[in-house]
Every structure is written in C-alpha cells, then in structure tokens.
Amino acid sequence: MHKSEQFANTRNFRQELRLGHFLLIMLAYFGAGRIGLSIPYVNPNVSLIWLPTGIAITGLLRYGKLASAAVFIAAWLLEMSAGFSVLVAGSLAIGNTLGPLLSKWLLRKQGFRRNFSRRRDVIGFGVAVMLGMCISATGGTLTLWLHGLNADPAAVWLTWWAGDTVGALLAAPLLLSFSLKSLSGFSRRRKEIFGFLLLFALANWLIFASPYSHLHLTFIMVGIMIWAAMRFGITGASCAVLITSLFSAWATSHSMGPFYDGGQANLLILWAYMTTMVLITLIITALQSESIDATRQIEEAYQRINKVASRLPGLVLQYRIRPDHSASIPFASDAIVQMLEVTHEEVRDDALHLFNRIDPQDIEKGTELIRDAMRNLAPWQSEFRMHRKDGTVRWLYLDGLPEPEPGGSMLWHCFITDITERKQAEQDLRIAACTFESQEGIFVTDANWIMLRLNQAFTRISGYTTEDLIGKRPPLHKTKQQDRDFFEQINLSLAEHRYWHGELWSRRKNGEIYPQMVTLTAITDSRGEVSNYIGSFNDISRHKGYEAEIRNLAFYDPLTQLPNRRLLMDRLQHLISVSNRKDNHSAILFIDLDNFKTLNDTRGHDAGDLLLIETASRLQTCVRDSDTVARLGGDEFVVVLEELSVEKEEALRQADRIAEKIRQLLSQPYQITDFEHHGSSSIGVCLFQGGDITVKDLFKRADTAMYEAKTAGRNAVRFFDPAMQAILVVRMLLESNLRVALANNQFQLYYQVQVNSEGKLIGAEALLRWIHPDRGFISPADFIPLAEETGLIIPIGLWVLETACAQIKQWEGSKDTRHLTLAVNVSAKQFQQVDFVDTLSEIIRRHKIDPTRLKIELTESTVLDNVDATTEKMHELKKLGIAFSMDDFGTGYSSLAYLQRLPLNQLKIDQSFVRDLSHDENDATIVRAIISLGVNLGLNVIAEGVETSAQRAFLIAHNCYAFQGYYFSKPLPLEGFLALLKAPESDEVQ
C-alpha cells in the first residue's frame, strides 16, 4: 500500500513538473515576443531581434515534444496579440514552431552538446539555426503575402530570417548553459565582474550613445566579448552578448549608433555585428572548453598512464639528453620516489646529480654502450648499482629506447626495475651450485628416501656413483650402536625438528668403514608435508685422529706418554668416588728424582729427557695394570695404587713393598748416550680409604711425606703421618707471617762485637732478628731457611743492607764509632741476582758512606754455586772498597784454587771448630790449618763462637788476632751495642 501511494505521489509530482515546464515555456516565449515586438521594426509585425526562437529551440532541446505544443500555443497567442486574425496567427505559429523543430532535429543528428564545449557545436548550432529559420521566415512571409500584408516579400523574408536567426543565436546559448552551478562561479569573482560591468557599460555608451558613435568604434566590443568569453564562460559571455545586442538594436531603432543610417544595408550590418559577437564568444568559449577538455584528457591520460605505470613492477620515465650534455627527466612515474629516492620535481630540469649515486664502475661500463646505442638508435639495456641514502646498494635494470628530438636532444623512453632480489637469487644460486659441488658430500632424496641427486664429493668420499644410487635408497651401515632404534631416533628428530646432526659410521663402496659427520634437513611443501630430504656429510677419519691426538696432548705427557696432572686428577677423583662403595685401601706415591737439576745443568736437557723417559719405563714395570703412573712435570712422578688390602696394616706393607721396589729400581745405573748416570729418588706415600679426603689433600700429604724423605737424606721412602701435617701447617703459618713481617717493621738488626787480641772493638756483625707481635722472638734458624725457599730472602736482604748502610752513616758521625766496620751476611740467592752490584752501589751512593766500612760475608756454597759469576761481582764491589769475608770457612769443600782467585779480605773460622778446641784434637788441627792457610794467602782470620779465655788464648797462640763470640758479648740491639761501646774496655766482657 505504501509503495502504491509513493508511486502515485511521484507520478503526480512529475505531471506537475511537466505542467510547470509547459507554462514556463509559454510565458517565456510570449514575454520575449512582446519585448521583440516593442522594439521598432521596419516592416509591420517583423521584429529586428526575435528572441522567442532561441526560447523555442532551448525548450525543444530540454523538454522535447512537450515544448513544441507550448511553443505553438504561445506563438499563436502572441501573433493574435499583435492584431492578426486567428487564421493568420495560426499560420504564423505553425511556421514559428516548425523552424525550431527543424533546428532541434539537425542538432540532435549531429550530437550537439548544450554547453558549446566544441567548435563543431558552435558551427553546427549556427547552421541548424540558419536552416531552421528558413522555414519560419518562409512560412511567415508567405502567410503575410497571401493575406495582402506584405508588399516586399524579399525584404520581409530577409528581415524575418535574420531576426529569428539572431534571436536564436542570442537567447539559446544563454538559456542552454544557464544553471545554478554557473551562477555560483560568479560569486567568487565579484570585483572582476564589477570592473567588467563598468567597462562594458562604458563601451556600449561609447559605441552607441556617445557623441563619438559615428566613428564606428564597434571593434572595442570585440575585446570586451573576448574578456567575457575567457573569464566568465558561456553563460556570462552569452549574457553580455545578449545585452549589447539588445542595446545596439534599441539604439539603432532610436536613430543612434553607427547602424541607424543607411536603411536595409545598415540593418544587415547590425545583424552581422550581433552574429559576430555571438560567434566570437561561442567560438572562444568552445576553444577554451576544448583546451580545458584537452588538458583534462591529457591529465586523465597522464593519470591513467601514471596509474598503470605505478602498478608496474618498476619505474617508467623519459630521460632527455640535451646537446650541451645536460639532462632532464620530463616524465617519471610515482615509483621514482621509492626507487631513486628523489621526487620528479627534483630531477625534472636537472637529472645529472643522479649519476653521483651510481657505482663508478657501472658508469664506465655503461657510457660507451649508451653512446653506441645513440649512434645506432638501438635499444639499450644495462644493469647498474645505485647507492641509496642509507648506505645500502640496490641493483637496477634499465631498458631504454632512444628517440631523436628536434634541436639535437635525445629522448630515452626507459623502464627501470629493481633486480636486487634477482641478483641475490643469482648469487645464491651460484653459491648453491658451488656449495653443492663443494668438498662436502651432498645428496637429495624424495620423501621416501629415494635418491634424486648427489654431487661429486659424495662419489669421491663414498665411491658410489650416480648410476649406483639414483632411484635407490642410500646405503646404511648397521652396528650394535647403529641399530634400528638409532635410525628411528633420527627419523623422529627429522619429523619433530626437521633437522638432525651427528656422527655416523658408514661403509664405502670398497667395503671400508669410516666415520661421517652428517647433517640431515627435511624440506616441506606449502602444506607442511615433507617433500624432500637433503643430506650433507664429511669424512671425519682425519678429525678422529686429530681428536685422539688432542686428547693425548690434553691428558698425557708428551715426553713420557704417561698421564699428566689433569688425567691424574680425574682418575684420583673417580677413585675417591668409588672408594665410598668399597672397603679397600688405596695409596698415592709422590716420587722426586734426586739431584736431577745437576744432571740437567751439567749434561744438558737432552740427557735429562732421556732419564725421565727411562724412569717412566721403569715405574710402569713396578705396578699392575690397574694402577696409574703419571708425570706431574719436571722430575716429579706419581703412582696411584688401587685395590690394596682392606686391612690397614696389610695395605701399608703392600704399599711399602711397591715403594721400596720403585726406589731400588730407580737407584740402578742409567745408560744415557755415552755415559752412565747414578741416580736415586725420594718417595712420599699416603694411604687412604673411603671418600672422606679430597684430591688436593692427598697431594699435600704425599708431597709432605716426600719432603720428609728429602730431609732424611734422600733416596728414601717416607709415609705420611699427622705429625708431618702439623709441621707443614706450622711451616705454612710461619710463611704467611713472614710475608707481612717486613711491611709491618717486625725485623730488627742486632749487633755482635768483633774485637782484636788487645780487646779493642774493631767492628760488628749485623744479625737479623724477628720480633713477632704475638709469638715474640723467632729464631733465625726457623725463618731464614723458609725465606730462602720462598724467595722472601731477597727483599729481606735488601732491607738489611739498607739498614746496615744507614747505621754506618750514623757511626761515621762520631769519633768513637767511625773506625768500626760492619759485617753483613748476604744469601746466595740474593748475591746471584743480576742487578746485585748495581743495587748495592746505589744504596752506598744514596747513604754516602765510606764503602771500606762495609764487609760482605759469603758462605762457601754461595761462592761454589757459580765461581766465575761470583768472582766477577766480588771484583766489581772490591773496586768500590767493599771487603769480603768467607763465612763458616771449613764446613764446605774449600779448595786452594778458588781461594786464590777470590778477592777475599778475611776467613772466618766456623764456631763448630772453635767450640771443642780444648778437648778435640781434630778441631784444633783444623783451626791451626785454617789460620795457617789464611796467613799464607795474606788474609785476615777471625774466629766466631769464642766463649772462653782458653779458646781466645789458643787462637792468639796460633796467630789469630780477631774474635767474635759470647766471651765478649752476645748479639745486642742498637741501644745495648752503643752502651757497650761506652763501657770501660776489658778483654773479658760478659
């Protein structure tokens, strides 16, 4: 129901609209006719400008058949209003209707556009109007002539035809182009329209109503009409032409303007003037419309081309090379921004700067090619690299076609594509091809492991050729390790992870078994299903050999091929872990070769290496296969005995038997190249059971036992016991305290006087004392050997020399002490320092002492260790004035040969000989010999350890006149020594 009502309403609206159009045409036609008739005319009822014709044509073009009825009725009424009878008015109305109908029919035939956007529309409109108006003029003239209302048919016909034609030309373009849209454009040009109207009015007045109208100034209006046509379109221009035409007709009818005089001829000129104005405006607007339309079409074509070009996988551009070698890009698609990183505007006039980003090598290659292409007008293709602004490089491909232009320019029509991915793909293919034919064996199978392809390396490694395997499964070598479950795990890994990597043993075509390092990869298709398998492998036989060699280097001693420290530690750790579950005892033997350093120094390292190799061989003969023989380094070996007795006593006896066997075997002579070497060993044994001990503790205990064997005189076997451990702990604590003693000023120098036979003080010996803040006085016998072992004796000895020289400097300031000499003991390790002479010289220079007041005491062992070097240093220091005393003389291996070479000043008789002079004739004989030797060599002799007057008397009796000992004074701190100097002289000072 609702739809039927809506349809009825729509139908009623359309009928009302049609009725409105009908009435509008009638009223417009009738009104325009009355205006036309009001303009004076030269012939009865014939108007100079008949605007209704234009209204009729417009109505017919806009509203079709409805307009023809409206035109006829309006024309009939109009003619009757002019005084014609009904019959005459009807006849005239028929002619006034048929003429526009013919014009409308002609215009429809030629595809006329109502906005006069083409020149053909203007020409076609003019022709159609002229032809159509021939019917209306003929019909009207004939009607008037037949009714006796026309005396001059030719003049009437011409006037009628011209008036209708001009009226159609004036009214129709305005009415056909008129719309609200056309009016809206005028609101934006108010100032221009106002200026135009002023100028337009002035021009019409000047041409038709001014005193100068006789001067024929109509040409002015041409410029005005051109302005209107160019700026205000067909509607504005038509309106202006209509107004000026009406004004010119009015002026002519009122005997004004250039067209009023001359009769019919001037009327024709007036009509020609109007027609000219109309055609000028219509043609100009048509030309402008054509230009706008052409521009729009060009723009649309450009947009279409650009849109198509932008959809292309590349850049479309035109590149122009001018005769002066400059370049421009007149056209480029939007892809120029992405591909060349510039806008079209940046390169429209100057494009040479783009070459700055092309790789120079590519420019060199392409320059000659493009010149040849230009000479031959041949297409040109090139690949080049373009450096982007972010530093990356893209490969571009250019395909260009040259086109010569007038003026000598060459226009290249180019298509550029980015081929970076293609280049990378080509590179990847080359790499893949090279990889496939690399040193690795590679094969490809389908999803069922059927061989599809294999490379030459596969054949070289396995011996199988393409003919042997293509279309078959790859051969599998099954062993206990590589059983069905093993290969199932590989398939499971490929199914879950699409990858497997590991070692496989395989069989060559000749039957040889060899190891492979294999990588298998599963390739899937778009559905995620496996389509192929790719395998690659290497023959790792050599690598396996390298692994064994590396393992040998890592865990075995390269000289003896025995396990090294790392492997020994691993085995001991494993043994301790196993001992937690067993009750058996085990033992570790630390073996150190005695006097190995002497062999190395005297016979060379080659001899030492041969001894170590023979020792390793002998050790291996002493133990079971289950035991371990290892070399720690240097001359140290370790033997680990496993599976000893559960009973401790029996296990001790077992370990002792093996240790003693080793000691005896290592004591037998060694035949080393061209000489026989007699050696021995010190062995420390540590028994252990269970896992309550660490490897580190085992090493410490065995090392402690071995050290005890060394202390016991070497060539001995010692077992570790807790007492040794306690001694070791004390020794370690003492070493720790010793390291901080020097920094904390815990050392002091004590001074023991040296006197002559008359009891006068001639000097002193500086003796080092350690006063510990907690333990008090620590004996030099306890800490001096430890300082020697740890190397701390060097900084301590330096402190002693510094302190002694400072003390000498103080003594030089007093007449009572400036004659005293100060003896300082220097250890062998300190004296053997390369810079000892320079160091001592610097100390003497810094303290500015008299070097003759300083006496250096050296032991026989210090001198004998390196006689030549020692002698050289002694001579250098002797030149400075420093004196030397041979300390503890007689306890070593003294010989007259080296005593004669050494620049000694004094021999000191050791206190061990002086102590028993009174009741031991051997000691007395030795003392007499030492004194005699010293006297004969021109050396002073001093005895230490003099404690009785009898000893002093014996020494004097045998020509020894310098003494040191408790008989005169015990070692005193500096304050006590200075007090002793001030005491009354006595030869029996206690």
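The values are calculated or read from the model by the stated rules, or taken from the named source; none is laboratory data. Every value quoted in this text rests on a predicted model; they were computed, and no experiment measured them. Please note: Cβ atoms are built from the backbone with ideal geometry, for glycine as well, and neighbour counts cover all protein chains shown. SASA here: full protein model, heavy atoms, side chains in, ligands and nucleic acids out. Shrake-Rupley method; radii C 1.70, N 1.55, O 1.52, S 1.80 Å.
Worth a mention:
- Cβ-Cβ under 9 Å pairs, at least 6 apart or on other chains, the stretch 563-575 side surrounded by fewer than 17 Cβ atoms within 10 Å (Cβ to Cβ), far side part of a helix (DSSP H, G or I): ARG566/ALA554; ARG566/PHE555; MET569/VAL695; MET569/PHE699; ASP570/PHE555; GLN573/VAL695
- Condition met for LEU632 (open to solvent by less than 60 Å² (accessible area, probe 1.4 Å), of a type outside the set (Ser, Thr, Tyr) and assigned to a helix (DSSP H, G or I)): no
- The stretch 450-483, residues that are of a type in the set (Val, Ile, Thr) and within 41 Å of the chain's Cα centre (by Cα): THR459, ILE461
- One residue stands out among those in the stretch 944-954 that are of a type outside the set (Lys, Arg) and in a helix (DSSP H, G or I): the one that is surrounded by the most Cβ atoms within 10 Å (Cβ to Cβ), which is GLN951.
- Taken over the stretch 370-421, residues that are in contact with a strand residue (DSSP E or B) (Cβ under 7 Å, 6 or more places away or on another chain), of a type in the set (D, E, K, R) and in a loop (DSSP other than H, G, I, E, B) amount to 2.
- Every pair of residues 6+ apart whose Cβ atoms lie under 7 Å, when the first sits in the stretch 530-553 and is acidic (Asp, Glu) while the second is surrounded by fewer than 17 Cβ atoms within 10 Å (Cβ to Cβ) and modelled with pLDDT of 80 or more: ASP539/TYR514
- Candidates in the stretch 444-481 are the residues that are touching a Ser or Thr at 6+ places or on another chain (Cβ under 9 Å) and assigned to a loop (DSSP other than H, G, I, E, B); of these, the one that is least open to solvent (accessible area, probe 1.4 Å) is ASN455.
- Test for LYS829: is it of a type outside the set (A, V, I, L, M), open to solvent by 50 Å² or more (accessible area, probe 1.4 Å) and under 21 Å from PRO973 (Cα atoms): no
- Residues that are open to solvent by less than 90 Å² (accessible area, probe 1.4 Å), touching a strand residue (DSSP E or B) at 6+ places or on another chain (Cβ under 7 Å), under 17 Å from GLY535 (Cα atoms) and not charged (D, E, K, R) within the stretch 482-504 comprise ILE490, SER493, LEU494, TRP500, GLY502, LEU504, listed in sequence order.
- Within the span defined as the stretch 878-887, every residue fails to be under 21 Å from LEU792 (Cα atoms) and open to solvent by less than 40 Å² (accessible area, probe 1.4 Å).
- Cross-chain or 6+ apart pairs with Cβ under 6 Å, the stretch 850-871 first and within 24 Å of SER814 (Cβ to Cβ), then open to solvent by 30 Å² or more (accessible area, probe 1.4 Å) and not in a strand (DSSP E or B): PRO851/LEU880
- Restricting attention to the stretch 340-369, the residues that are closer than 18 Å to ARG320 by Cα, open to solvent by 80 Å² or more (accessible area, probe 1.4 Å), part of a helix (DSSP H, G or I) and not polar (S, T, N, Q) add up to 5.
- Just one of the listed residues (LYS661, LYS696) is modelled with pLDDT of 90 or more, assigned to a helix (DSSP H, G or I) and open to solvent by 60 Å² or more (accessible area, probe 1.4 Å), and it is LYS661.
- Test: residue in the stretch 533-552 that is open to solvent by less than 10 Å² (accessible area, probe 1.4 Å), within 24 Å of VAL685 (Cβ to Cβ) and not hydrophobic (A, V, I, L, M, F, W, C): no
- Checked against (1) within 58 Å of the chain's Cα centre (by Cα); (2) open to solvent by 10 Å² or more (accessible area, probe 1.4 Å); (3) of a type in the set (A, V, I, L, M); (4) closer than 21 Å to PHE699 by Cα, VAL640 passes all but condition (2).
- Test: residue in the stretch 730-742 that is under 30 Å from ILE793 (Cα atoms) and in contact with a His (Cβ under 7 Å, 6 or more places away or on another chain): yes
- Checked across the stretch 840-854, the condition of being among the aliphatic types (A, V, I, L, M), under 23 Å from ILE793 (Cβ atoms), under 60 Å from the mean Cα position of the chain (by Cα) and assigned by the TED database to the domain that holds SER912 holds for at least one residue.
- Members of the stretch 325-339 found to be within 36 Å of the chain's Cα centre (by Cα) and open to solvent by 10 Å² or more (accessible area, probe 1.4 Å), listed by number: ASP334, ALA335, VAL337, GLN338, MET339
- As a summary of the residue check, MET706 satisfies the conditions (1) outside the structural domain of ALA651 (by the TED database); (2) open to solvent by less than 30 Å² (accessible area, probe 1.4 Å); (3) under 30 Å from ASP594 (Cβ atoms) except for the one numbered (1).
- Filter pass, THR821 being crowded, with 16+ Cβ neighbours inside 10 Å, within 18 Å of ILE882 (Cβ to Cβ) and without any contact (Cβ under 8 Å) to a residue 60 or more places away in the chain: no
- Selection from the stretch 382-425 of residues that are more than 38 Å from the chain's Cα centre (by Cα) and more than 19 Å from ARG357 (Cβ to Cβ): LEU401, PRO402, GLU403, PRO404, GLU405, PRO406, GLY407, GLY408, SER409, MET410, LEU411, HIS413
- Residues in the stretch 16-39 include none that are touching a helix residue (DSSP H, G or I) at 6+ places or on another chain (Cβ under 8 Å), open to solvent by 50 Å² or more (accessible area, probe 1.4 Å), modelled with pLDDT under 75 and within 30 Å of LEU158 (Cβ to Cβ).
- Of the residues making up the stretch 646-655, none is open to solvent by 40 Å² or more (accessible area, probe 1.4 Å) and on the phi > 0 side of the Ramachandran plot.
- Which numbered condition ASP468 fails, given (1) touching a residue at least 40 places away in the same chain (Cβ under 8 Å); (2) out of contact with any strand residue (DSSP E or B) (no Cβ under 7 Å at 6 or more places or on another chain); (3) among the charged types (D, E, K, R); (4) under 30 Å from ASP349 (Cα atoms): (4)
- Among the residues here, VAL941 qualifies as buried (at least 17 other Cβ atoms within 10 Å of the Cβ), without any contact (Cβ under 8 Å) to a residue 60 or more places away in the chain, over 60 Å from the mean Cα position of the chain (by Cα) and within 20 Å of LEU761 (Cα to Cα).
- Flag if ARG507 is farther than 28 Å from ASP625 by Cβ, open to solvent by 50 Å² or more (accessible area, probe 1.4 Å), among the basic types (Lys, Arg) and at pLDDT below 85: no
- Pairs where the first residue, in the stretch 967-990, is among the hydroxyl-bearing types (Ser, Thr, Tyr) and the second is part of a helix (DSSP H, G or I) and modelled with pLDDT under 90, C-beta under 7 Å, 6+ apart: SER969/LEU980
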